[in-house]
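What follows is calculated from the coordinates using simple rules that are stated; it is not laboratory data. What you see is a predicted model, and the numbers here were worked out from it, not measured in a lab. Here the Cβ positions follow ideal geometry from the backbone for every residue, glycine too, while neighbour counts run over all protein chains shown.
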């Protein structure tokens, strides 16, 4: 596609509110078997994995196949990036072969550099700073449960102020729901991301998981030690004692509250088995929605525009 029309998805803020709502609606339509088909026939997506994955790889690869396209898997052991080829060179080379690039890596700067030099859309499949594709699935799950207007859906984030917490902050800023974040001291989210969100919505930071969960309609968490933090696991286990999402914590949430988790989960650590396997859990619905929301994203970025919607505002 012409470079002047290229769009990237590096954080949720690369979408306007109206675009995000339209994308979530299209994800639901695709899930229902409507508005699908080989809309990306003949197109290909390079998928760069510098971090291992289950959901990201399968959802993007299957999504491209269901849309009539093709996903090309690249890892450090199957590409020259693992031998030191620059992001600059990789971006230029891949732009001559494929119609889009998805990358799952460590540094946000690497994704931004890739996008700066690529002539095709670049999608952030995860970095240590944000995980915007996961939030598309989480938000789609919320709209399936509560409808399009999420402004009256307080969300409680319990645990580490990590890339998922940052993406929840971005989502709250765009859609206007209240976000309560409960973290142990020393594990707060980035202050700049917090302050940016506070300019658009209510954000509460607390050391008390009970305060965060009280009356929330979504309670969500993540593992206490993410990829690359294995050496910190024991220290984090001690720091996060008391931050488990268990049945007592969920009982303080709203009567219709649901539990979300980006997976993989460690039962008995950040969440009890009774919660993640209980009637309030939507984690597998959420995981499936990675496929549908990302298909909607691929269609938006790779040339098949989102159709007009009667339930969302028009893009400005």
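Before moving on, here are some points about what is shown:
- Computed P(r) (all Cα pairs; the stretch 64-221; 10 Å bins; percent): 10, 33, 27, 21, 8, 0
- 0 to 90° range, to nearest 10: angle between helix 55-66 axis and the chain longest Cα axis: 40
- One Cα centroid belongs to the stretch 205-228, the other to the stretch 233-278; the line between them spans 8 Å.
- Enclosed volume per residue, in Å³, of the convex hull spanned by Cα atoms of the stretch 134-287: 98
- Each DSSP beta bridge with both residues in the chain is either parallel or antiparallel, and the antiparallel ones are about 0%.
- Against the main long axis of the alpha-carbon atoms of the chain, helix 132-146 sits at an angle near 60°.
- Extended-chain gain in nm, criterion 0.36 nm per residue less alpha-carbon gap, residue 32 and residue 279: 86.6 nm
- Multiplying the residue separation of residue 152 and residue 208 by 0.36 nm and removing their Cα-Cα distance gives an extension gain of 18.0 nm.
- Counted residue by residue at 0.36 nm each, then reduced by the alpha carbon distance between them, the extension gain from residue 255 to residue 235 reaches 3.7 nm.
- At 1.002 mPa s and 20 °C, Stokes diffusion of the stretch 225-276 via Kirkwood alpha-carbon radius, µm² per second: 176
- Largest first, the three principal axis extents of the alpha carbons in the stretch 153-236 are 37, 25, 18 Å in whole numbers.
- In the stretch 27-95, Cα pairs under 8 Å separated by at least six residues give a relative contact order of 32 percent.
- Relative contact order %, the chain, counting alpha carbon pairs below 8 Å whose residues are six or more apart: 21
- Under the criterion of Cα pairs below 8 Å and six or more residues apart, the relative contact order for the stretch 134-287 equals 24 percent.
- Mean residue ellipticity, 222 nm, helices only, the chain: the sum of -39500 (n - 2.57) across DSSP H runs of n ≥ 4, divided by residue count and rounded to 500, is -11500 deg cm²/dmol.
- Spin-label model, residue 190/residue 247: points 7 Å from Cα along the beta carbon direction are separated by 4.0 nm.
- When peptides 148-159, 10-21, 117-128 are ranked by their average number of other Cβ atoms within 10 Å per residue, the highest-first order is 117-128, 148-159, 10-21.
- Most fluctuating residue given options 54, 141, 221, as computed from a GNM of the chain linking Cα atoms under 10 Å: 54
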